[in-house]
Amino acid sequence: MVEILGISGSPVQNSNTDRLVKLVLDSTGLKSEFIKLSDCKIEPCHVCMVDDPKWGRVFPCQLDNQCVIQDDFQKIRPKLLETDALVIGAFPSYGSANAKTKTFLERLFALDHCAFQEQPLMMGKLGVSIAVCNTLHDGKAVAEEIEHLFRALRMISIAKIVAQGSFPCKFRRECRVRHLEPVAFAPPEGIIRDPLSDKEVIKEAQTAARIIKETLEIRRKEF
């Protein structure tokens, strides 16, 4: 059984987002699994509707919590239901979560109903949102976007981790597009940061991991 599931929406191999998600997973010491969305084929929500003889015009997933799109989300779904904690990492793209992450978040709509369930399927699971960004403002917006999903699914959000990563623009010095000011001391390859060299970020990740482990230990004792 997977106790904690980590999901990274970054398409960059061994990205800062990947590494930060894995840091939380590894720091728990629990059985974990890491999924990289760029390795999966997941379509966005189709907002499909059907005419049900009893209920009328409805989303099919409202009837059975199953998404009808046949892609790799179907392989991830049982792991989401099985896990006790979920860590989702993303990066900002024009102020919101990047496309891979946003697509995945949309598909969780199928788990956001309990018309024929005693309680929401993801209710009570622990959640950690991670955003690796260039500007903290955009990073906080993305972390809150993920946290909003946790609340919609009736999960318990225990941490939001926002870390500054790289901005590898080779034209950063001269660029005036979209009112970007030149950065006088930026290296030619852009701004290169390693969030895992930031002691505060590491502390936040380890604290989130400790809370997950301790919470799950208490729950097991209660049962």
**OP:** Tell me which of these residue 110 doesn't satisfy, since it passes every other one: (1) at pLDDT 95 or above; (2) assigned to a helix (DSSP H, G or I).
**Re:** (1)
Original post:
If you go through the stretch 154-195, how many residues are of a type outside the set (D, E, K, R), modelled with pLDDT under 95 and farther than 18 Å from residue 9 by Cα?
Top reply: 17
Original post:
In the list 76, 130, which residue meets the criterion of being in a strand (DSSP E or B) and β-branched (Val, Ile, Thr)?
Top reply: 130
**OP:** With the checklist (1) in contact (Cβ under 8 Å) with a residue 24 or more places away in the chain; (2) surrounded by 13 or more Cβ atoms within 10 Å (Cβ to Cβ); (3) out of contact with any strand residue (DSSP E or B) (no Cβ under 6 Å at 6 or more places or on another chain) in hand, flag the one item residue 90 doesn't pass.
**Re:** (3)
Subject >> Enumeration of residues in the stretch 192-222 that are within 20 Å of the chain's Cα centre (by Cα), in a helix (DSSP H, G or I) and among the acidic types (Asp, Glu) >> reply: 204
**OP:** Could you figure out which of (1) touching a residue at least 60 places away in the same chain (Cβ under 8 Å); (2) over 13 Å from the mean Cα position of the chain (by Cα); (3) at negative phi isn't true of residue 29?
**Re:** (3)
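The values are calculated or read from the model by the stated rules, or taken from the named source; none is laboratory data. Keep in mind that what you see is a predicted model, and the values were worked out from it rather than measured. All Cβ positions, even for glycine, are placed from backbone atoms using ideal geometry, and neighbour counts span all protein chains on display.
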